1. Being in contact with a helix residue (DSSP H, G or I) (Cβ under 9 Å, 6 or more places away or on another chain), assigned to a helix (DSSP H, G or I) and of a type outside the set (Ser, Thr, Tyr) is the filter here, so list the residues in the range 108-159 that pass it.
2. Count, please, the residues in the range 298-334 that happen to be open to solvent by 50 Å² or more (accessible area, probe 1.4 Å) and over 30 Å from Gly215 (Cβ atoms).
3. Looking at the range 171-184 only, could you name the residues that are open to solvent by 20 Å² or more (accessible area, probe 1.4 Å), under 28 Å from the mean Cα position of the chain (by Cα) and not charged (D, E, K, R)?
4. For residues that are touching a residue at least 60 places away in the same chain (Cβ under 8 Å) and under 17 Å from the mean Cα position of the chain (by Cα), scanning just the range 259-284, find the one that is surrounded by the most Cβ atoms within 10 Å (Cβ to Cβ).
5. Got a number for residues in the range 75-92 being of a type in the set (Phe, Trp, Tyr) and surrounded by 24 or more Cβ atoms within 10 Å (Cβ to Cβ)?
6. I'm checking my understanding of the structure. Among residues of the range 103-121 that are buried (at least 17 other Cβ atoms within 10 Å of the Cβ) and not hydrophobic (A, V, I, L, M, F, W, C), which one is modelled with the lowest pLDDT?
7. Is there a residue being among the polar types (S, T, N, Q) and surrounded by fewer than 21 Cβ atoms within 10 Å (Cβ to Cβ) anywhere in the range 129-147?
8. Does Cys164 fit the bill of being part of a loop (DSSP other than H, G, I, E, B), open to solvent by less than 30 Å² (accessible area, probe 1.4 Å) and not small (Gly, Ala, Ser)?
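The values are calculated or read from the model by the stated rules, or taken from the named source; none is laboratory data. Just so we're clear, the structure is a prediction, and the values are computed from it rather than from any experiment. Here Cβ is always computed from backbone atoms with ideal geometry, including for glycine, and neighbour counts include all displayed protein chains. Just the protein is used for accessible areas: all its heavy atoms, side chains included, with ligands, DNA and RNA removed. Shrake-Rupley method; radii C 1.70, N 1.55, O 1.52, S 1.80 Å.
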Amino acid sequence: MQALRLAFTRAAGAVALAATLTAPVFAQAPAQAPAGGGSPTLDAIRARGNLICGVNTGLAGFAQPDSQGVWRGFDVDYCRAVAVALWNDANRVRYVPTTAQNRFTALQSGEVDMLARNTTWTLSRDTSLGFDFTGINFYDGQGFMVKASTGVRTARELEGATICVQPGTTTEQNLTDWARANRIRFTPVVIERLEEVVQAYVAGRCDAYTTDVSGLAATRSAQPRPAEHTILPDVISKEPLGPLVRHGDQRFADLLRWIHFGLINAEELGITSQNVAQATANDARPDVQRLLGRSGDLGRMLSVDNAFMGNIIRALGNYAEIFDRNLGPIGLQRGPNGLWTQPGGLQYGPPFR
C-alpha cells in the first residue's frame, strides 16, 4: 500500500510539473509604459518637441488659417488633441498644407507625422499605400454644386455639362463611375489646387463643382453671396473621412484612435469643456472616472498621462463641441455624425476600460 501511495504521489508530481512547464505564462503589465511605448513616431515627435500635421491647403470649417495666421478647423482640432495628449499644450503643432496629389507622399516620406485632411478611407489606401486609418471622425458623401441661376435641380440634369474636379481623389473616380452608370456625358475640368478649382467654378469655367458635401458647404459659405450657389440633393458615394498614419507604428495609431473614441464617449457621458473639472473631482461614475484618468492606468497603456482625455476635453471640448464650433458656421448638420443614440447617428465609441 505504501509503495502504491508513493508511486501515485510521484505520478501526481510529474503531472503537476508537466502542467507547470506547458501552461501559458501571462506576463504582468508594467506599472508605467516607457516614454514612447515602443513607438518610433512618438519618440521622434517628443524629441523634436512638436507634432507635424498634414492638413488641407485651406478649407473653411476643416483647416484654414485665420486673419492672424492661426490654423483653425475640425481637422486642426484633431491635430491639437494629439499635442494636448503628449504635452498638455495644444499649440505644439506645425501644420503642413498638402494638396490632394502630394498628401500621401508627405506622409509616406515622413515629412508629416499624421494626416488630418478630409481623406477617405479606402481599401487601397489602407493596404497598398501603407497607411492606417485611425477612425472615422466624419461621415460624408460626394455631391454637386451649381449656380442657382442655372435652374439645375438634380445631378441627372448635368448631361453634357463641364464639371470641375480635383485629380488623384476618390471624387474623380466616383464622378467617372457615376456618369458611366447613369449614361451621362460630361467634360471634366481637372485642377489640382483647391483654391484654383474653386476659382474656376466661380468664374464659370465649369457648370458644376463636385467634391464631398462638406467641402461644397465650406466653399459655398466662403462666397460673397452663398445663396447664389445650390448644393444638389444627390449624394453619389460613401466618404468615411478620418486621420491616418503610416503602417508599422501601432502604438501611435492606437493613441489617435482612442483620442477620437474618447471625444465621442465624452459627449455621450455629458462631459464638456465647461464641466470637466467638476466631473473629474466629483463624478463618481466608474466610466467617467476611467475616461478622465481618475482610476485605472489607461493613459499609460498609450504612452501618455492617464489624464490625457480630461486635458483634451478641457482644452478643446468633446466631439459635439469640436463639430459645432467648426462646422456649424458653414451650415453642416450632425446627420450621420450624430451619436449612435440619436436618430440616424453613426458615431460610436468603444468603452474606456
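1. Filtering the range 108-159 for residues in contact with a helix residue (DSSP H, G or I) (Cβ under 9 Å, 6 or more places away or on another chain) gives 110-120, 122, 125, 129-152, 155, 157-158.
The next check asks that each one be assigned to a helix (DSSP H, G or I); those that pass are 125, 148-150, 155, 157-158.
Hits for the range 108-159 are Arg125, Ala148, Ala155, Glu157, Leu158.
2. Here the count works out to 4.
3. Gln173, Asn174, Thr176, Trp178 - these are the residues of the range 171-184 that are open to solvent by 20 Å² or more (accessible area, probe 1.4 Å), under 28 Å from the mean Cα position of the chain (by Cα) and not charged (D, E, K, R).
4. Only one residue tops the list, namely Leu263.
5. Here is the first cut: in the range 75-92, the residues of a type in the set (Phe, Trp, Tyr) are 78, 87.
Filter once more, so that each one left must be surrounded by 24 or more Cβ atoms within 10 Å (Cβ to Cβ): 78.
Number satisfying all stated conditions: 1.
6. Taking the range 103-121 as the starting set, the residues that turn out to be buried (at least 17 other Cβ atoms within 10 Å of the Cβ) are 103-104, 106-107, 112-121.
This time we only want the ones that are not hydrophobic (A, V, I, L, M, F, W, C), so: 103, 113, 117-120.
On the way: Arg103: 96, Asp113: 98, Arg117: 95, Asn118: 92, Thr119: 95, Thr120: 95.
Ranking the qualifying residues of the range 103-121, first place goes to Asn118.
7. So in the range 129-147, the residues among the polar types (S, T, N, Q) come out as 134, 137, 142.
With surrounded by fewer than 21 Cβ atoms within 10 Å (Cβ to Cβ) added as a condition, the list becomes none.
The answer is no; no qualifying residue exists.
8. Values: part of a loop (DSSP other than H, G, I, E, B): no; open to solvent by less than 30 Å² (accessible area, probe 1.4 Å): yes; not small (Gly, Ala, Ser): yes.
Here the answer is no, as Cys164 does not meet what is asked.
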